[in-house]
Amino acid sequence: MPPVDSVTVHRPRRWDEPMDPHMTDADVDWLLARMPFAGLDASQFPKSIPLDGVLKNDCRLHRFSPGQVIVREGDYANSAFLVLEGNAELITRPLPPDVLGRREVEKRSWPEALWQYLRPSGVREARKPQDVTPDVELHDRPRTEHLQSDATDELTGDAASQPTLFLQDFAGLVRAGQTVRLVAGELFGEVATMLRGPHGATVVAGENATLLEIRLQGLKMLQRDAAFAERMEEHYREHWLAIHLKEIPLLRFVPESNLRNVVEHTQLRSFGRLQWNADYSKTRKLSPAEQIESEPIVAREGHHVTDLIIVRSGFGRVCQNYGSAQRTTAYLGKGHVFGLEEITLSVTGGNGSPLPLQHSLRAVGFLDTLHIPVECFAREVLPHIRRSELPPNAAEAMLHPPKAKTSATPRERRSLDRAKVDDDVPMTGESDTEDRTSSMKAWDDLPSPTGTSFEPTGLLEFIVQNRYNNGRQAMIIDLHRCTRCDDCVKACADVHDGNPRFARVGNRHERLQFVEACMHCTDPVCMIGCPTGALHRDKATGLVRISENICIGCGVCAKGCPYDNIEMVAVSDPKGRPYLDSKSNQPITKATKCDMCSGLPSGPACAAACPHDALVRIDLSESPPLEDWLRRRT
């Protein structure tokens with residue numbers, strides 16, 4: 001018997017809200033009769049999630065008009081597309097931002113910036129008309145016309161309000177040979193979807209374009225069929241793996257023939273949960289030891305090294321046994337490698353015998369990796385790596401391979417004994433300076449002016465535990481220098497119509513405060529689900545920006561940000577009159593967040609206004625920037 005004060009409700013199920021409510025059984029039967037679905041083994045799917053259920057609930061049929069943008073370069077993907085009929089055109093050259101519905105941020109001159117400071121508008125969240133409505137061909141999404149049904153109902157809810165973009169002069173791009181045609185049976189966007197990354201190119205619909213959109217959840221289920229999964233992996237190997245490997249500095253000098261062998265032997269693996277932001281609020285409350293133990297293990301300390309591990313997406317924690325627990329020594333992001341020193345020393349014999357792994361690697365939330373077997377790496381890659389890119393011990397081993405051991409004469413043994421005694425005597429002068437420098441580079445406890453100290457392991461664990469290593473422009477305040485004058489907040493308000501984009505609050509570790517302001521993340525999960533692509537990453541600067549003219553105010557980004565750094569606000573014209581929707585008469589809202597004051601010649605106003613040099617915007621996706629900043633302040 002349930003308690004008297006309990007409430008009985010229906011437990012939500014995965015497919016209570018299908019991706020396309022207008023998908024019919026006839027549509028599903030039509031899809032099952034076509035490749036690749038006709039070749040899938042339905043028995044590979046669980047009874048609770050059958051193949052026909054995936055097609056009906058995790059897919060959406062589209063008919064696109066010629067020139068209609070299907071995916072846009074730079075937008076983060078959450079769905080792949082399969083061409084069913086007709087064709088689509090992949091644009092092979094970058095397009096101007098305004099053509100894709102985005103407006104470049106114009107920097108103000110120093111006189112203009114000074115005038116705005118001296119003569120503020122006095123209107124909170126004022127916008128010019130061109131910043132509220134789009135200046136490109138943007139239309140309401142047309143009704144969905146299914147191939148095997150007579151359904152003519154229009155879409156409802158958010159889907160009905162999502163506008164579509166048509167590319168201007170699309171025919172001219174095709175005539176100029178600046179497109180690649182995608183025909184029936186071709187899949188695109190699957191790599192960006194699986195890795196939760198941005199689309200690498202814009203794809204536009206051609207003639208009679210009928211496509212099937214497959215969201216991430218359905219794509220992962222379809223991979224349960226071995227043939228479909230193999231086809232996806234072959235597609236990635238054929239078109240993308242070599243490109244991704246060339247982007248890694250360590251492999252940039254590998255000859256094309258060698259690289260083909262590396263592509264053939266490389267394994268693709270994933271660890272953890274892709275939707276890490278859903279678990280973020282729970283895992284951050286665990287103790288560091290509990291959080292480390294909860295993270296999937298990728299490679300374990302003390303085991304023999306079998307692969308060079310390359311991070312393709314996500315983050316990894318490098319940790320080491322410390323008593324009965326483990327402590328964090330570093331974290332790895334996209335393009336970083338693990339196991340290089342152990343492999344090199346083992347291959348060259350610099351350690352005298354195979355060197356086991358000196359650290360463990362764990363997945364922080366989600367980690368997608370490439371694994372190159374040791375034998376393949378030693379044969380195809382290692383001879384073409386520059387010594388400057390190897391760890392010091394490994395570079396020395398390659399430069400001076402150890403000689404075969406021979407019996408030493410008595411004189412040689414006496415010379416070796418004297419040298420060993422000399423090594424135990426403390427040295428002065430230049431060598432002593434080098435030793436102190438090496439000690440500092442190890443980032444031991446850093447003394448602060450008040451006598452307390454940082455423990456770098458604790459700081460690293462704090463950063464990883466709160467996922468601040470995701471931030472490329474994190475705001476950090478040194479509380480030993482901060483006088484709480486709030487000049488940083490006032491300066492931000494002065495350049496944003498009286499509405500600052502952050503508050504001086506946030507988690508603390510020792511003397512450091514990590515402020516709640518947009519960090520322009522390496523993995524900006526806020527961008528996933530934006531229906532118009534208004535939230536996008538600037539290619540030149542890497543900043544996560546909002547094209548307000550195509551922001552429809554749905555709030556998906558604000559809900560998706562795990563750090564609560566995006567706010568929805570109602571906007572007005574420069575005279576203070578609120579903008580209202582012509583159809584619903586409701587206020588127009590826009591997403592707002594820290595934009596790094598990209599329109600100002602001075603850069604971020606918060607950092608420029610701090611009178612005590614207590615605030616910094618810093619990249620936490622790697623350790624050295626914060627390490628160097630702390631060392632300069634001690």
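The values are calculated or read from the model by the stated rules, or taken from the named source; none is laboratory data. Source: prediction; values computed, not measured. Reconstructed Cβ throughout: ideal geometry from the backbone, glycine too, with neighbour counts over all protein chains shown. Each accessible area value is taken on the protein alone, full model and side chains, heavy atoms only, with ligands, DNA and RNA left out. Shrake-Rupley method; radii C 1.70, N 1.55, O 1.52, S 1.80 Å.
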- prompt: So which residues in segment 345-383 are touching a helix residue (DSSP H, G or I) at 6+ places or on another chain (Cβ under 7 Å), farther than 26 Å from residue 295 by Cβ and modelled with pLDDT of 85 or more, if there are any at all?
  reply: 345, 376, 378, 380, 381, 382
- request: Of the conditions (1) modelled with pLDDT of 85 or more; (2) in a loop (DSSP other than H, G, I, E, B); (3) under 27 Å from residue 73 (Cβ atoms), residue 591 clears all except one; give me its number.
  value: (2)
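So, in segment 516-534, of the ones that are over 14 Å from the mean Cα position of the chain (by Cα) and open to solvent by less than 10 Å² (accessible area, probe 1.4 Å), which residue ends up nearest to residue 276 (Cα to Cα)? Steps first, please.
Looking only at segment 516-534, we keep the residues that are over 14 Å from the mean Cα position of the chain (by Cα), and these are 516-518, 529-534.
Within this subset, residues satisfying the condition of being open to solvent by less than 10 Å² (accessible area, probe 1.4 Å) are 517, 533-534.
On the way: 517: 20, 533: 22, 534: 23 Å.
Ranking the qualifying residues of segment 516-534, first place goes to 517.
If you take the residues of segment 445-483 that are small (Gly, Ala, Ser) and either at pLDDT 85 or above or in a loop (DSSP other than H, G, I, E, B) (or both), which of them is farthest from the chain's Cα centre (by Cα)? Can you show your working first?
So the first thing to find is which residues in segment 445-483 are small (Gly, Ala, Ser), and the list is 448, 451, 453, 458, 471, 474.
Narrowing the set further to residues that are either at pLDDT 85 or above or in a loop (DSSP other than H, G, I, E, B) (or both) leaves 448, 451, 471, 474.
Working: 448: 34, 451: 38, 471: 10, 474: 15 Å.
Top of the filtered list is 451.
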message: What's the number of the only condition in (1) in contact with a His (Cβ under 8 Å, 6 or more places away or on another chain); (2) loosely packed, with under 14 Cβ neighbours inside 10 Å that residue 596 fails to meet?
response: (2)
message: So in segment 614-628, with the set limited to residues that are under 16 Å from residue 509 (Cβ atoms) and in a loop (DSSP other than H, G, I, E, B), which one is modelled with the lowest pLDDT?
response: 623
query: Residue check: is residue 548 touching a residue at least 24 places away in the same chain (Cβ under 8 Å), farther than 15 Å from residue 517 by Cα and acidic (Asp, Glu)?
result: yes
message: I need the full set of residues from segment 537-565 which are open to solvent by less than 40 Å² (accessible area, probe 1.4 Å), in a loop (DSSP other than H, G, I, E, B), closer than 23 Å to residue 100 by Cα and hydrophobic (A, V, I, L, M, F, W, C), in order please.
response: 543, 551
- prompt: Restricted to segment 41-63, and to residues that are touching a helix residue (DSSP H, G or I) at 6+ places or on another chain (Cβ under 7 Å) and modelled with pLDDT of 90 or more, which residue is farthest from residue 223 (Cα to Cα)?
  reply: 61
query: Counting only residues that are touching a strand residue (DSSP E or B) at 6+ places or on another chain (Cβ under 7 Å) and assigned to a helix (DSSP H, G or I), which one in segment 369-380 is most open to solvent (accessible area, probe 1.4 Å)?
result: 374
task: Mind listing whichever residues of segment 221-231 are open to solvent by 20 Å² or more (accessible area, probe 1.4 Å), in contact (Cβ under 8 Å) with a residue 12 or more places away in the chain and not in a loop (DSSP other than H, G, I, E, B)?
output: 221, 226, 227, 231
